[in-house]
Structures are given as structure tokens and as C-alpha cells.
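Q: This is the structure I want to talk about, given as C-alpha cells.
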Amino acid sequence: MGRLVFDGVTKRFGDVVAVDHLDLDVADGELLVLLGPSGCGKTTALRMVAGLEALDEGTIAIDGQVVNDVEPKDRDIAMVFQTYALYPHLTVARNIEFPLRQRGLDREERGRRVREVAVTLGLEPYLNRKPGQLSGGQRQRVALARAIVRQPQAFLMDEPLSNLDAALRVQTRADIVALQDRLGTTTLYVTHDQVEAMTMGDRIAVLSAGVLQQVAPPQDLYDRPGNTFVAGFLGSPGMNLMGGALVEDQAGATARVSGGSVPLTADRAALARAAGSLTVGVRPEALALDPAGTLEASVVIVEALGAEAHVICKLPDGTRLVVRQEAGRHRPQLGEAVRVAVEASGVHLFGAADGRRLEAAA
């Protein structure tokens, strides 16, 4: 009942195209994450669904109804902001029931719904408190409760966890996923945080400069990024990208890159042969510091993260290379010359000219 469809949606601010011919279909009951860097158009897309920004081209439909000219209050959606947007002079209970008052529901029905959502989100002890008496995590739950109590066709969430500390973000994103799964309400969730996107979304839509780059389930995006932007943006840290050229000899096929070579499997060699110039991509976990490695690099910095470390190296041409190391491995010194081994099965190839993933013809 809450399917959300963007069809050729474009939004301009003067000469700036904030959203460029966006085609996107959010299934009924799906939690879809709009992911991208600041200024990529994701919040603008969300605001157009809410009716807070007018479209310049295209249509947006909710449950089969085009809503371009429908007033925000009549769109049957609920929005959750990163700033909570609570009324400081009202109690938690009154904040939650506010949209029900706006819709003219009677007192008994309002009270029933407020109690239900308070139980769902663990807010019962705080119903008589004011927002100023709550922690950031509790305020965010009140904002969620106010959205949920309306029982809308769709939730729109604009970076709702940005103001929370790390521990609260982990807990609250788990709460949101569990809640959305239980309610089954279509949810469009905006974030620039790759971890949030990977852990929360049924699918992720990646935007860059207003243009949709790829839409897929989180693991598919990680395993098969459609272009170099998605490859470099998704993941923490993102994929290592190096300019390369195919070399074939009696020993086999490799991609020549700065500082050495990257091994290629037979299928990847065939793709490289057809493409010509290449961009070679390798995730940090497919690299290892190894005296027998085929790449020469120097260590720039080592980021120790407890269970693992990120060894950031530099190739001779200045290209940065991140190697993920497990705990207990020898940590190199800054400036140390190292050799890096590449797992052939972890190599991704992209066209150097357009950045698109190289794929075998279907």
C-alpha cells in the first residue's frame, strides 16, 4: 500500500541540478537507503516526496497516486529529522499525540495510540517529561514515536542518527530496523554513513551529484560495485583504485600498475583484453603485507583499531593503498618500504574512460 515511485524526477536550484532525472522504485514495506556524500541530492529527493520542494520535471507517486500537486499534509507520510524537531514546552505524550490532534482524532483514540507506541519504543517512563529532560537517544525515540503514531503509508528519515554518539547510533539503528520490520511501513532513509546504509537497508541507492549511480542490496553493492564512484565510496575504507594496463606473457596475465603488478584470473584477463585501459580495484581485505608481494609501496600511517588495523601505504605514483590487517600481525613503521600481495579473486576491473564495471556479455 506504500509503494513509492520516482519517475524522471529533476530538481534545479538556479543553474545547479540537485537531482537529475531520478528513476527509483521503493517497494511496499521496503527500507531503502539513499546514500551519498553531502550535496549529492539525497535530502532534496526526500523533501520532494514530503512536498517541501517542488519538482521541475517528472513525477512522484505514492501508492499509485501522483502527488506532485498534493499538499504535504495530504500525502500520508511522516518525516523524522536529524534535529528531532520536538516542541520543548510539551510533554513527551503531547509531542507524540500532536499529529493526531491535527487530524482531529478523539481523546480516547489519541490516548490509545500514544500508549501503544510508547510501549513499542520504551517511552512509558518518560511520557510526562519535557524534551529538555531527555537524552539525545530518548529524544530521537520520541521523534520516531511521533512519526509512527500517525500510521502513515511511508516514513521519510533524514539522517536521524547524526546527532547521537557512536554507542547510541548502533543501538538506535538496530531499533529502527527492528521496528520497521515489525511495522512493515515503506521507509526512505537518507544518510551519508556507509555503515548505517549497509546495516539498515533492504537496498541502497547511491547518488552522486544528483545522479543515481546504482541500486542494489547492500552485499551486492559491496561485492559488485557498478562503477568506480560506488567502489570508492562504499565501504570503510573504500575500495583501492589504481590505473593499470594488461600484460600477458608465459607466466600469465597481470595488470601493470604503479609499483608492480596485480594478478588477473582468466575471466578478468579476458575483460581487460577487450577494454584496453583499465582502473583496477581491490578491497583492503584482499591485500596483505607479504615479502613475496607483487606491489612495492611505502607506509604512510598505521591506524590501529583494536581487532584490526588499516595500514595506509603509498605507491610510487602517489596512489594511496589501504591494507586491512588482523590483530596480532606485525605492524610496520612509518616510512617503511613494504611489499603488498594481491588476492587475484578479489580484483575488480573498471573502464578507465567511463569508470564503469567491466562485465562479461550476458
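The values are calculated or read from the model by the stated rules, or taken from the named source; none is laboratory data. This is a predicted model, so every value here is computed, not measured. Every residue, glycine among them, receives a Cβ derived from its backbone with ideal geometry; neighbour counts consider all protein chains shown.
Q: Check ALA45, ALA54 and return the single one that is of a type in the set (A, V, I, L, M, F, W, C) and within 23 Å of the chain's Cα centre (by Cα). Don't jump to the end; show me each part of the working.
A: Working: ALA54 fails: within 23 Å of the chain's Cα centre (by Cα).
Among ALA45, ALA54, only ALA45 is of a type in the set (A, V, I, L, M, F, W, C) and within 23 Å of the chain's Cα centre (by Cα).
Q: Within the group ARG101, ARG110, which residue is surrounded by 18 or more Cβ atoms within 10 Å (Cβ to Cβ) and among the basic types (Lys, Arg)? Before you say what the answer is, go through the steps one by one.
A: On the way: ARG101 fails: surrounded by 18 or more Cβ atoms within 10 Å (Cβ to Cβ).
Sole residue among the options that is surrounded by 18 or more Cβ atoms within 10 Å (Cβ to Cβ) and among the basic types (Lys, Arg): ARG110.
Q: Of all residues in region 1-39, count the ones that are in contact with a His (Cβ under 8 Å, 6 or more places away or on another chain) and either buried (at least 23 other Cβ atoms within 10 Å of the Cβ) or within 24 Å of THR199 (Cβ to Cβ) (or both). Walk me through it before giving the result.
A: Within region 1-39, the first condition is being in contact with a His (Cβ under 8 Å, 6 or more places away or on another chain), and the residues that meet it are 8-10, 35-38.
From what is left, the residues that are either buried (at least 23 other Cβ atoms within 10 Å of the Cβ) or within 24 Å of THR199 (Cβ to Cβ) (or both) are 9, 35-38.
Summing the residues that are in contact with a His (Cβ under 8 Å, 6 or more places away or on another chain) and either buried (at least 23 other Cβ atoms within 10 Å of the Cβ) or within 24 Å of THR199 (Cβ to Cβ) (or both) in region 1-39 gives 5.
Q: Let me ask you something else. For region 46-68, does any single residue satisfy the condition of being in contact with a strand residue (DSSP E or B) (Cβ under 7 Å, 6 or more places away or on another chain), of a type outside the set (Lys, Arg) and closer than 21 Å to MET198 by Cα? So that I can check it myself, show each step before the final result.
A: Taking region 46-68 and keeping what is in contact with a strand residue (DSSP E or B) (Cβ under 7 Å, 6 or more places away or on another chain), we get 46, 48-50, 53, 55-62, 66-68.
Those still in the list that are of a type outside the set (Lys, Arg) too: 46, 48-50, 53, 55-62, 66-68.
So of that shortlist, the ones also closer than 21 Å to MET198 by Cα come out as 46.
Looking for residues that are in contact with a strand residue (DSSP E or B) (Cβ under 7 Å, 6 or more places away or on another chain), of a type outside the set (Lys, Arg) and closer than 21 Å to MET198 by Cα, one finds at least one in region 46-68, hence yes.
Q: With the structure loaded, tell me whether ASP74 is over 30 Å from ASN128 (Cβ atoms), surrounded by fewer than 22 Cβ atoms within 10 Å (Cβ to Cβ), among the acidic types (Asp, Glu) and in contact (Cβ under 8 Å) with a residue 40 or more places away in the chain or whether it fails that test. Walk me through how you get there before you give the answer.
A: On the way: over 30 Å from ASN128 (Cβ atoms): yes; surrounded by fewer than 22 Cβ atoms within 10 Å (Cβ to Cβ): yes; among the acidic types (Asp, Glu): yes; in contact (Cβ under 8 Å) with a residue 40 or more places away in the chain: no.
No.
Q: Keeping to region 59-86, report how many residues are out of contact with any Phe, Trp or Tyr (no Cβ under 6 Å at 6 or more places or on another chain), within 19 Å of GLU97 (Cα to Cα) and not hydroxyl-bearing (Ser, Thr, Tyr).
A: 11
Q: Here is a further query. How do the pairs read when you match residues in region 32-45 that are in the same structural domain as MET79 (by TED's automatic domain parsing) with residues anywhere that are buried (at least 24 other Cβ atoms within 10 Å of the Cβ) and polar (S, T, N, Q), using Cβ under 7 Å and keeping only pairs 6 or more apart or on different chains?
A: VAL33/THR191; LEU35/THR191
Rundown of residues vs (1) surrounded by 14 or more Cβ atoms within 10 Å (Cβ to Cβ); (2) over 16 Å from ALA286 (Cβ atoms); (3) among the small types (Gly, Ala, Ser), yes/no style:
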{"residue": "GLY306", "(1), (2), (3)": "no, yes, yes"}
{"residue": "HIS310", "(1), (2), (3)": "yes, no, no"}
{"residue": "GLY335", "(1), (2), (3)": "no, yes, yes"}
{"residue": "ALA341", "(1), (2), (3)": "yes, no, yes"}
{"residue": "GLY346", "(1), (2), (3)": "yes, no, yes"}
{"residue": "ASP354", "(1), (2), (3)": "no, yes, no"}
{"residue": "GLU359", "(1), (2), (3)": "no, yes, no"}
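Q: Give the residues of region 18-42 that are over 20 Å from PRO217 (Cβ atoms) and touching a Phe, Trp or Tyr at 6+ places or on another chain (Cβ under 9 Å), sorted by residue number.
A: Within region 18-42, VAL19, PRO37 meet the criteria.
Q: Go over the candidates ALA307, ALA341, ALA352 one by one and state the one that is within 28 Å of GLY226 (Cα to Cα), at pLDDT below 95 and of a type in the set (A, V, I, L, M, F, W, C).
A: On the way: ALA307 fails: within 28 Å of GLY226 (Cα to Cα); ALA341 fails: at pLDDT below 95.
Only one candidate qualifies: ALA352.
Q: Now for a separate question. What are the residues in region 23-52 that are closer than 12 Å to SER208 by Cβ and among the aliphatic types (A, V, I, L, M), if any? Talk me through it step by step, then tell me what you get.
A: Step one: filter region 23-52 for residues closer than 12 Å to SER208 by Cβ, giving 34-42.
Selection gives LEU34, LEU35.
Q: How do the pairs read when you match residues in region 51-62 that are farther than 14 Å from LEU22 by Cα with residues anywhere that are of a type in the set (Ser, Thr, Tyr), using Cβ under 9 Å and keeping only pairs 6 or more apart or on different chains?
A: From region 51-62, the pairs are GLU53/THR44; ILE62/THR186.
Q: Would you pick out the residues in region 286-297 that are within 21 Å of GLY238 (Cβ to Cβ) and either in a strand (DSSP E or B) or modelled with pLDDT under 95 (or both)?
A: LEU287, ALA288, LEU289, LEU295, ALA297
Q: What residue, of VAL149, VAL206, VAL142, is in the same structural domain as THR10 (by TED's automatic domain parsing) and under 28 Å from VAL311 (Cβ atoms)?
A: The match here is VAL206.
Q: Could you give every pair whose Cβ atoms fall below 7 Å, whose first residue belongs to region 306-318 and is assigned by TED's automatic domain parsing to the domain that holds VAL338, and whose second residue is among the hydroxyl-bearing types (Ser, Thr, Tyr) and surrounded by fewer than 18 Cβ atoms within 10 Å (Cβ to Cβ), counting only separations of at least 6 or pairs across chains?
A: Close Cβ pairs satisfying both conditions: CYS313/SER298; LYS314/SER298; LEU315/SER258; PRO316/SER258; ASP317/SER258.
Q: Can you go through VAL49, VAL67, VAL80 and tell me which one is among the β-branched types (Val, Ile, Thr), more than 30 Å from LYS130 (Cα to Cα) and either surrounded by fewer than 18 Cβ atoms within 10 Å (Cβ to Cβ) or touching a helix residue (DSSP H, G or I) at 6+ places or on another chain (Cβ under 9 Å) (or both)? Reasoning before the result, please.
A: Values: VAL49 fails: either surrounded by fewer than 18 Cβ atoms within 10 Å (Cβ to Cβ) or touching a helix residue (DSSP H, G or I) at 6+ places or on another chain (Cβ under 9 Å) (or both); VAL80 fails: more than 30 Å from LYS130 (Cα to Cα).
The match here is VAL67.
Q: For region 258-274, which residues satisfy the criterion of being polar (S, T, N, Q) and in a strand (DSSP E or B)?
A: Here is the first cut: in region 258-274, the residues polar (S, T, N, Q) are 258, 261, 265.
Residue satisfying the conditions is SER261 alone.
Q: Could you give me the residue pairs with C-beta distances under 7 Å whose first residue belongs to region 221-239 and is outside the structural domain of GLU343 (by TED's automatic domain parsing) and among the hydroxyl-bearing types (Ser, Thr, Tyr), whose second residue is buried (at least 19 other Cβ atoms within 10 Å of the Cβ) and in a loop (DSSP other than H, G, I, E, B) wherever it lies, and which are 6+ apart or on separate chains?
A: TYR222/LEU234; TYR222/GLY235
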